[in-house]
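So the structure is just underneath, and the comments pick up after that.
Values in this text are rule-based calculations from the coordinates and carry no lab data. What you see is a predicted model; the values in this text were computed from it and never measured. When we count neighbours, we look across all protein chains shown, and the Cβ atoms used for this are built from the backbone with ideal geometry, even at glycine.
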């Protein structure tokens, strides 16, 4: 394994680019041939925009900050970046010059923000920067893993194939995230719907029945009295309860943003949830395998690739496990043995990794591991959805049915007396 790792050429260490807040500037001018031109560039001030355009031979006549207050442009989503990468890879593989490829992509998108981003990258590349350097100026959309893979592709002369791999990686990871979000959202939706329906019945329906019961002049059943008492309590305190829920939501968001121990504890707790925990676990295994397969195939040394994998783990349990694997591999252990000692990775993933190491096709076997666990996540999410649909009906049936029974019990009781 040590020889296999050494055979991979290590790319130059990525430059750390300080993230500076930029705003869009709309510019107009004339090119070297005297033709009118214009566009939008993200920068910190107008002077830098002018200097940047002069380097490209543009005689700038007007630069003004573009107002974004009423902008209707859609935000740039990860799938937009995947689509951009796929288009760029396809056109470069077809022999289209990179600057022309940027023009085609920008012209073909209806997302104003994406168009502006592509034009900024084109401007930087046209000024002599490498594609990786240009992408690193936009860390919001292109993370270290993305930029490192592009840099590796530029250095090895395999940029088109690396862009294609990156596009596949982005598409599959975003599809996986979507599945996880669906798995987490569905149970929450059940609870929310149940709470809303119950609250409406207690606040609006029960009081109407109570006014009818007042004329009976008889003792009400204990179950009916309990429901009426809950209705009174909710009518008195609903506003405070609502404010309390809002405060709890805001507090949770702030703690989640500011407290790493809280996020870590949440990650560990999610893995222990029935059904959902297994989905999150298998998704993390798939993400580990997919990221490692992509980086290792790009020529990134295994130890450095594991750094990228840890950064993309998305769960503290797998982050810690990956860093432990990295330490063991750095000390000379085989990858599959290092994975086994963490007691985190499933036996199938460890065995397939070992086969890949022995056969010299580690990236291919890791890709198959990712495919397998992505399919498992798909199946489990579909099964969860199928299971939750009757559960929603059952929960709502119990709540609504229970309240209806509580309200009609006095009527039935009165009828039996008569």
Legend entry - Reported label for calculated P(r) over Cα pairs in 20 Å bins from 0, in percent given (i) 24, 51, 24, 1; (ii) 17, 42, 30, 9, 2, 0; (iii) 20, 40, 27, 11, 2, 0: (iii)
Inset, instruction - Describe numerically, in nm with one decimal, the distance between label points set 7 Å from Cα along Cα→Cβ at residue 246 and at residue 222. - result: 4.0 nm
Legend entry - Helix 46-55 axis, angle to the chain major axis (alpha carbon atoms, nearest 10°): 40 degrees
Legend entry - Distance from the stretch 73-105 to the stretch 254-269 (C-alpha centre basis), Å: 36 Å
Inset, instruction - Report, in degrees rounded to the nearest 10, the 0 to 90 angle that the Cα long axis of helix 78-93 makes with the longest principal axis of the chain. - result: 30 degrees
Inset, instruction - Can you tell me the 0 to 90 degree angle between the C-alpha axis of helix 98-108 and the longest principal axis of the chain, rounded to 10? - result: 30 degrees
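Pairs of Cα atoms under 8 Å, at least six residues apart: use those to get the relative contact order of the chain, whole percent.
Details: 438 pairs, mean separation 65.0, N = 418.
Rounded, it is 16 percent for the chain.
So for the stretch 176-418, averaging the separation of alpha carbon pairs under 8 Å that are six or more residues apart and normalising by length, what relative contact order in percent results? Kindly include the intermediate steps, with their values, before the conclusion.
Numbers: 195 pairs, mean separation 67.3, N = 243.
Rounded, it is 28 percent for the stretch 176-418.
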Inset, instruction - As a check on your grasp of the helix formula, calculate [θ] at 222 nm for the chain: sum -39500 (n - 2.57) over DSSP H runs of n ≥ 4, divide by the residue count, round to the nearest 500. - result: -24000 deg cm²/dmol
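Please tell me the relative contact order of the stretch 280-418 in percent, rounded to the nearest whole number, where contacts are Cα pairs under 8 Å and at least six residues apart. List each step's numbers first, then the result.
Details: 115 pairs, mean separation 35.8, N = 139.
Result for the stretch 280-418 is 26 percent.
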Legend entry - Cα gyration tensor category, rounded, prolate or oblate, for the stretch 109-149 with a/c compared to 1.5: oblate
Inset, instruction - Give the Cα extents of the stretch 75-207 along the principal axes, in whole Å, largest first. - result: 74, 27, 25
Inset, instruction - Apply 1/(1 + (r/R0)^6) to the Cβ-Cβ distance of residue 94 and residue 211, taking R0 = 60 Å, and write down the FRET efficiency to the nearest 0.05. - result: 0.20
